Amino acid sequence: DYIYQTRQNIALKADYAFTVACPDVSVGSLIYLRRVRSNVFYDYSRNQAHENSGWTTQSSAGLDIIFDWNVIRMSYPLSLGVRLIQPIDYGKFKAEAIFSMNF
């Protein structure tokens with residue numbers, strides 16, 4: 001029953017994306033691994049719900065590890081990876097799957 005309200009919000013975000021490796025490895029004609037890339041990020045937010053209320057802080061840091069590959073000689077690339085997130089002030093470590101397909 002908790003409704004989170006925002007009167008004012010200040011947010012800062014920082015990302016750094018980079019290529020880890022370009023192995024160009026294939027397993028026959030089934031799989032072709034083109035690139036391994038990573039992204040490091042940090043998010044910081046301050047929120048005030050009401051005019052006379054205090055400010056709350058939420059922040060987290062994390063890492064993405066992403067594999068770019070092609071399957072069965074298809075021309076469109078697939079990206080598959082994992083995102084690791086650590087909240088700074090509260091919460092537990094979390095892992096999420098990442099998937100994307102470009103046409």
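Only the coordinates and a few stated rules stand behind these numbers; no lab work does. What you are looking at is a predicted structure, and each value in this text was computed from that prediction instead of being measured.
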³J(HN,Hα) computed for each position of region 53-68 - Karplus, 6.51 cos²θ - 1.76 cosθ + 1.60, integer Hz, glycine/proline x: 8, x, 9, 10, 10, 10, 8, 7, 9, x, 9, 10, 10, 10, 10, 9
Whole-Hz ³J(HN,Hα) from phi, Karplus 6.51 cos²θ - 1.76 cosθ + 1.60, for region 86-97, glycine and proline x: 10, x, 7, 8, 7, x, 10, 4, 9, 10, 10, 8
P(r) histogram, all alpha-carbon pairs of region 1-68 included - 10 Å bins from 0, percent: 17, 28, 21, 16, 12, 6, 1
